[in-house]
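The values are calculated or read from the model by the stated rules, or taken from the named source; none is laboratory data. Note that the coordinates shown come from a computational prediction; the quantities given were computed from them, not determined experimentally. Neighbour counts run over all protein chains shown; Cβ positions are idealised from the backbone, glycine included.
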């Protein structure tokens, strides 16, 4: 008879080996014969290799259980270890976060550096899940034991050194709820700048670029620079707007992002310092719910060089985010803003999650997180959605996606 003082109250059973159908069922069937309770269970499969961990209450004859599960494992060509213990699995520590790491490629040195910094501040990685393996590699780390704001600051510095993207979000219900996604348009949802495309048709591209550069140097604010550039378009045939729209190139992954999140009930808005004659058509094409942009004045089929109404500037973008959130019935904390320029800063700051997408350095420093891969649908990984889930939903709906590299 076992010494009761040495008898465990729980057993951690770990099985490793080649995966095959029925392994988990057979192991649990063996355990069921001893009347134990399952307290926790984790299973992963990497390239056909299984790691299965089961935490159970220890029966009085725990050695017989150990021998039985070892025999069951041997019959399945699995290695089995049984560790004695007392008590249940510990709860995750306070300060829970999701840390999403994106890289193309994602080097072992970068992952080592990120996980090292997590350990340095006393936090623990409780679980790691792969969200995507192409066209970028994305990992989601479940981290506990550190304040999310402190963790974000520490990892942002390391991410810059390692040239990877790292997003830190508190682990709460917001990540699982319906959100409002608010996107900038020029150089975010679409490639290039609409006003420069119009300027090409008007023959004043160099002048428009010069005014833009003055604004970027801080010599003009956004509204001043916009009005100055629009003045240069005076007399342009309004048909150029159709030509520009037809020539728009969506950022890779834009349609996938919208299509996937719309399936989950998310609402979308585009907020642009560009022009409603283009953005309204874009919203209709993509099925976007809300849109705000500047309106070019057109008289007798030609641009007058003026804007109708108030300019949608930096503050106007943030106001639009708040207005659309109220109309959608979504809290401001449940909004996600995506942008690249200085005029997006207030909008990114107002959102629950502000994402700098291939943005200027000043925007990357101010945003909650940065995404510097050229695929807009990488945003879905920050929301806890895996590439496999997206592809399965697309396949069920009849969409085809490119095959991953082997």
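In this structure, is residue 203 on the phi > 0 side of the Ramachandran plot and without any contact (Cβ under 8 Å) to a residue 40 or more places away in the chain? So that I can check it myself, show each step before the final result.
Values: on the phi > 0 side of the Ramachandran plot: yes; without any contact (Cβ under 8 Å) to a residue 40 or more places away in the chain: yes.
Judged against the criteria, residue 203 is a match.
When region 60-69 is examined, which residues are found to be surrounded by fewer than 17 Cβ atoms within 10 Å (Cβ to Cβ) and either in contact with a helix residue (DSSP H, G or I) (Cβ under 7 Å, 6 or more places away or on another chain) or not assigned by TED's automatic domain parsing to the domain that holds residue 12 (or both)? Even if it seems obvious, please write down each step before you answer.
As a first pass, look at region 60-69 and keep what is surrounded by fewer than 17 Cβ atoms within 10 Å (Cβ to Cβ): 60-61, 63-64, 67-68.
The answer is 68, and nothing else.
Condition check: at pLDDT below 95, touching a strand residue (DSSP E or B) at 6+ places or on another chain (Cβ under 7 Å), farther than 16 Å from residue 208 by Cβ and surrounded by fewer than 18 Cβ atoms within 10 Å (Cβ to Cβ). Does residue 309 satisfy that? So residue 309 fits the description; yes. The set of residues in region 290-306 being in contact (Cβ under 8 Å) with a residue 12 or more places away in the chain and more than 18 Å from residue 270 (Cβ to Cβ) consists of 298, 301, 302, 303, 304, 305, 306.
Could you tell me whether any residue of region 127-134 is surrounded by 15 or more Cβ atoms within 10 Å (Cβ to Cβ), within 25 Å of the chain's Cα centre (by Cα) and over 24 Å from residue 176 (Cα atoms)? So that I can check it myself, show each step before the final result.
Step one: list which residues in region 127-134 are surrounded by 15 or more Cβ atoms within 10 Å (Cβ to Cβ), which gives 128, 130-133.
Those still in the list that are within 25 Å of the chain's Cα centre (by Cα) too: 128, 130-133.
Filter again for over 24 Å from residue 176 (Cα atoms), leaving none.
No: region 127-134 contains no residue that is surrounded by 15 or more Cβ atoms within 10 Å (Cβ to Cβ), within 25 Å of the chain's Cα centre (by Cα) and over 24 Å from residue 176 (Cα atoms).
Considering only residues in region 197-220 that are surrounded by 15 or more Cβ atoms within 10 Å (Cβ to Cβ) and not in a helix (DSSP H, G or I), the one that is farthest from the chain's Cα centre (by Cα) turns out to be 204. Looking at residue 77, is it within 41 Å of the chain's Cα centre (by Cα), touching a residue at least 40 places away in the same chain (Cβ under 8 Å), at positive phi and not assigned by TED's automatic domain parsing to the domain that holds residue 128? So residue 77 passes the test.
Restricting attention to region 135-159, the residues that are surrounded by 16 or more Cβ atoms within 10 Å (Cβ to Cβ) and assigned to a helix (DSSP H, G or I) add up to 8.
Okay, residues lined up against (1) touching a strand residue (DSSP E or B) at 6+ places or on another chain (Cβ under 8 Å); (2) at pLDDT below 95; (3) over 30 Å from residue 273 (Cβ atoms):
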{"site": "122", "(1), (2), (3)": "no, yes, yes"}
{"site": "127", "(1), (2), (3)": "yes, yes, yes"}
{"site": "139", "(1), (2), (3)": "yes, no, yes"}
{"site": "148", "(1), (2), (3)": "yes, yes, yes"}
{"site": "170", "(1), (2), (3)": "yes, yes, yes"}
{"site": "174", "(1), (2), (3)": "no, yes, no"}
{"site": "187", "(1), (2), (3)": "no, yes, no"}
{"site": "210", "(1), (2), (3)": "no, yes, no"}
{"site": "213", "(1), (2), (3)": "no, yes, no"}
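The set of residues in region 311-331 that are under 15 Å from residue 261 (Cβ atoms) and in a loop (DSSP other than H, G, I, E, B) contains only 330. Pairs are defined by a Cβ separation below 8 Å, a sequence spacing of at least 6 or placement on different chains, a first member in region 27-44 that is outside the structural domain of residue 70 (by TED's automatic domain parsing) and in contact (Cβ under 8 Å) with a residue 24 or more places away in the chain, and a second member that is surrounded by 14 or more Cβ atoms within 10 Å (Cβ to Cβ) and not in a strand (DSSP E or B); no pair meets this definition.
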